[in-house]
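Enquirer: Please read through the structure below; I'll follow up with questions.
Values quoted throughout were computed directly from the atomic coordinates according to the rules given, and no laboratory measurement underlies them. Note that the structure is predicted; figures quoted are calculated from it, not measured. Because the Cβ atoms are built from the backbone with ideal geometry, glycine has one as well, and the counts that use them run over all protein chains shown.
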Amino acid sequence: MATLQVHNLMLSLSSAAASKQHGWRSKASLQKQLNLNLQNKGLELPKLKNMINMQELRIREPSSNIIINKPQTIFDDKEVDMLLVSKLYAIAEAAGDRAEMHKIIGEQRDNWNTLLLNSINSINLIASIMAGLSTISMGDQSQHFLAFKLSSALLFTAATGMMLIVNKIQPSQLAEEQRNATRLFKQLERSIHTSLDQLKSSTFTPTELDVEEALEKVLALDKAYPLPLLPGMLEKFPKNIEPTVWWPKLQTRRRSSSSAQDGKMRGLLKVLKEKDEEQYVWHGNLFVKINKCLAISGPLLAGLGAVGAGLIGTPALGQWPVLFGVMGGVLATMINTLEHGFQIGMLIEMFRNCAGFYRKLEEEITEFNSEESCQEDIEMFEMNMALQLGRRVSELEDFASCASSSVNGAEFEGFAGKLF
């Protein structure tokens, strides 16, 4: 009977805790009431106190398991790990912050290119004018002659040093790197938010693999487009141009592919590799050589102008120092304008990124051909590929003729991509 009374008392405590009353009974009052009711029943109070404590723990801390374990919630009859959702939001926020950083630094480095271009050209032209004016008062060896001569030599020397630094860092190429990084980080941020917006539907459920993949994409972009100048700046005059890689390496699962779509995909893959990517790599290598010649000849001519300005007035050399001084400054200005005014470094970076774009498509096709796919996935992949190439989906059939191993992809009429 005593046990039954205790059980009824515990049930009354649970029902009282669940009801919407304005106050809770204190632990002391509960114990007092139990003492009065159970003194004559021979029950052990310490054991009963432990039972009360356990019941209060259940009542007062109903959400303790949620705090300790991974938080989960329900979206349309499916369970979603909110910790993974929080991680994806954090990665998206980091990608957005990276995009803003690259945008600010890209604008800064574009300003560098404009300001340094105008400054160096102005210094070279002023130094050339001073070298010419120094000959006016050269006959009487007056103070004007010495002032013009020394000023011209100093300005040429300063211009030479500035050109060496600018040619080393290539501000226009740096600005193009930041512009590409800004676009790609924004693209990554949008893709994560698009996936998270699909949580309320059955099309997306976040997993650890999604978090790891998003994180790897951020790190790959950081490696492809570094922010610091020193150390970490990309090589500006490589021996051979390599396509920019801003995505993590795809893990392919090989299978025997004999379906119809594989033929045109294999043909497209061959054209992309042997024609589209190759043309941008070739142009990139060509412009690297041109840029290297300009980067060497510009400071060399400015240095020649400095030597000529310093030797003005030497009787044994006659008018040659004046000629070297004036012509060296003018030619250095022309070459500097060709190199940085036309932004040769930016063109090189553009070629590298275009080649990287086609390299990425090649890896996506290889990955697609290595997996079993349903008809819906095939149609979606073909539409996505056609959009990235600037073509209609029906035009992908034209590449089926290049799938044979005996056909060279470079023989295809035109290029696979129409956007770049």
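Enquirer: Arrange the peptides 344-350, 220-226 so that the one whose residues have, on average, the most other Cβ atoms within 10 Å appears first.
Expert: Details: 344-350: 23.1, 220-226: 17.9.
Sorting 344-350, 220-226 by mean packing, highest first, produces 344-350, 220-226.
Enquirer: Oh, and also: Tell me which residues come under 5 Å, amide H to amide H, from S373 once H is placed; ignore anything under 5 positions away on its chain.
Expert: none
Enquirer: Oh, and also: Could the peptides 81-94, 383-396, 298-311, 353-366 be put in order, highest first, of the mean number of other beta-carbon atoms found within 10 Å of their residues? If you can, show how the numbers build up before the last one.
Expert: Numbers: 81-94: 16.4, 383-396: 14.9, 298-311: 23.2, 353-366: 20.2.
Per-residue Cβ counts within 10 Å, averaged per peptide and sorted highest first, yield 298-311, 353-366, 81-94, 383-396.
Enquirer: Using 26 Å as the Cα-Cα cut-off, could you pick out the over-long pairs in K273/K418; K249/K273; K186/K360; K168/K217?
Expert: Working: K273/K418 15 Å; K249/K273 17 Å; K186/K360 18 Å; K168/K217 29 Å.
K168/K217, as the Cα separations exceed 26 Å there.
Enquirer: Using amide H atoms built 1.01 Å from N in the peptide plane, name the residues 5+ places from A416, or on other chains, whose amide H lies under 5 Å from its own.
Expert: Distant-sequence amide H within range of A416: D276.
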